[in-house]
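So the structure is just underneath, and the comments pick up after that.
The values are calculated or read from the model by the stated rules, or taken from the named source; none is laboratory data. This is a predicted model, so every value here is computed, not measured. Cβ atoms come from the backbone with ideal geometry, glycine included; neighbour counts cover every protein chain shown.
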């Protein structure tokens, strides 16, 4: 990152690896990866909801890898359960992220700001986060934990050679990494298209959409160790850097929306104007820093990307 750019946050949490060894079925690996992530989510619901949210996002990313194999009905049903959990966790995590974004912005411009600049805004964000968490009853937390636990039980009981997490709906996942590669290629194609749209239009919503696709591809390539060549590792690291930049960009955009919308979130109009100017400046810097990374991450034609992954898989099959 250039010295002029606001720092992007480092990724939190740990990744469970979907180790797709050529002698091991894709289904058992999927089961292991999802169970580990759901265990992470369940243990982090209260103390670290952001880590729980990221773990559930990774389960969704893995589910997408096999949606064609297990069937759309099973994919949609499990996805609906996981998205419900994300919806419950999201508001509290959002205020924490906005507070962290303001801290990073203030630190980046500390040489030009007065002491305790934006302290009223920081306290206001903390209060909103506390209010959101306090509004969640003990029963809400219990229900959320039970929902995650029930999903975990379904995946733990999955017989991948026969049925998926919902016996009446899901099909078996074949022992063929090509099934996963096809979905990886679709995610890559979406990210490839999202890059062009974000910079052509420059709208916040296009950058948010592109960020979701970048993060999904980064999660999928992180979890799929059966494609762990040097080139895939480098691509994965590039996507993770891009993910952090776009996360910071999106959080700053949301912070700006809150500052514009909420009069009590700021000390006075002069400070509001200053904060909005700094937010916009930092967002532009992040956009320019993300652009070359995005071009490198999505330099290949989507069909060429898929062909390369298939070649890696076939080379692995031919290895002793």
**Message:** Being at pLDDT 80 or above and under 20 Å from residue 63 (Cα atoms) is the filter here; which residues of region 223-237 pass it?
**Reply:** 236
**residue 125 vs. criteria touching a residue at least 24 places away in the same chain (Cβ under 8 Å), within 24 Å of residue 273 (Cα to Cα) and within 25 Å of the chain's Cα centre (by Cα)** = yes
**Message:** Quick check on residue 291: is it in a helix (DSSP H, G or I), assigned by TED's automatic domain parsing to the domain that holds residue 185, within 30 Å of residue 112 (Cβ to Cβ) and modelled with pLDDT under 95?
**Reply:** no
**Message:** Taking the conditions exactly as written (part of a helix (DSSP H, G or I) and in contact with a helix residue (DSSP H, G or I) (Cβ under 7 Å, 6 or more places away or on another chain)), does residue 231 satisfy them or not?
**Reply:** no
**Asked** Considering 306, 297, which residue is at pLDDT 95 or above and closer than 30 Å to residue 185 by Cβ?
**Response** 297
**Asked** In region 275-287, which residue that is surrounded by 14 or more Cβ atoms within 10 Å (Cβ to Cβ) and without any contact (Cβ under 8 Å) to a residue 60 or more places away in the chain is farthest from residue 185 (Cα to Cα)?
**Response** 276
**Request:** Scan region 114-159 for residues that are outside the structural domain of residue 41 (by TED's automatic domain parsing) and part of a loop (DSSP other than H, G, I, E, B) and jot them down.
**Result:** 114, 115, 116, 117, 118
**Selection within region 65-76 - part of a helix (DSSP H, G or I) and either surrounded by fewer than 19 Cβ atoms within 10 Å (Cβ to Cβ) or in the same structural domain as residue 186 (by TED's automatic domain parsing) (or both)** = 67, 68, 72, 73, 76
